[in-house]
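Take a look at the structure set out below.
Bear in mind that the values in this text are calculations on the coordinates, not laboratory data. Bear in mind that the values here come from a model prediction, so they are computed numbers and not experimental data. Here Cβ is always computed from backbone atoms with ideal geometry, including for glycine, and neighbour counts include all displayed protein chains.
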């Protein structure tokens, strides 16, 4: 098992100190072997940033995700799906810190890249729409959140089986928005 994989295992088991230790070791080895600006180094920065986000060290998470995005933009171009993933990860951190406007901004940038790269009806686009909908719902713009979640549901229903967990997640998100708008009967139906 690689150091990165060990870091992921420790992160999944919420042993964050060990996860950080192994991700840092993997990062240093990759930097020494491949150079500091290699896309594989960016992947390690991304993994480490995710662990820091999980531990609540948001400043460090933002720093690492921005560095990963910078490397990916330089190496892969500004419209690569990995750049979108870095933007998505930044959006998650901004969401966790309550910076919803910034979260929506970077999630929308990530969505645009995904739509250009994969097409507007790809299931991965639905995942990014889901993230935007969750953030928008937090801002209180329920109509816009509903619109975004319904688009994600539509894509997922076209791409996945009706009993797929992601379809259920979209239905749940729609139910949450409806519940916030106090239409409880409709919320119960969607949940």
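FRET efficiency for the residue 158 to residue 180 pair, using the beta carbon distance and R₀ = 22 Å, is estimated at 0.25. Can you give me the angle between helix 123-139 and the longest principal axis of the chain, using Cα atoms only, in degrees from 0 to 90, rounded to the nearest 10? It works out to around 70 degrees. Packing, taken as the mean count of other beta carbons within 10 Å per residue, orders the peptides 19-25, 118-124 from highest to lowest as 19-25, 118-124.
Taken along the Cα-to-beta-carbon direction at a fixed 7 Å, the label points for residue 28 and residue 79 span 4.0 nm. Modelled this way, with points 7 Å down the Cα-to-C-beta line, the labels at residue 165 and residue 15 are 2.3 nm from one another. Normalised by the number of residues in the chain, the average gap of Cα pairs under 8 Å and 6 or more apart makes the relative contact order 11 percent. Peptide packing for 133-146, 60-73, 159-172 was compared via the average number of neighbouring C-beta atoms within 10 Å per residue; ordered from the highest value, the list is 60-73, 133-146, 159-172. Relative to the longest principal axis of the Cα atoms of the chain, helix 100-118 runs at roughly 80 degrees. Our note on the geometry: Cα centres of the stretch 17-55 and the stretch 160-175, 33 Å apart. The residue 116 and residue 38 beta-carbon pair, evaluated with R₀ = 30 Å, returns a calculated FRET efficiency of approximately 0.75. Against the main long axis of the alpha-carbon atoms of the chain, helix 39-55 sits at an angle near 60°. Each peptide among 27-35, 41-49 gets the average number of other Cβ atoms lying within 10 Å of its residues, and from highest to lowest they stand as 41-49, 27-35. Among 95, 58, 52, a tally of other beta-carbon atoms within 10 Å of each Cβ gives an order, fewest to most, of 58, 95, 52. R0 = 25 Å: FRET efficiency of residue 105 with residue 143, Cβ-based, nearest 0.05? The computed FRET efficiency comes out at 0.85. Helix-only arithmetic for the chain: the sum of -39500 (n - 2.57) across DSSP H runs with n ≥ 4, divided by the residue total, places the mean residue ellipticity at 222 nm at -27500 deg cm²/dmol. For Rg and Dmax of the Cα atoms in Å, computed directly from the structure shown, the correct entry in (1) 23.3, 89; (2) 17.9, 59; (3) 18.9, 67 is (2).
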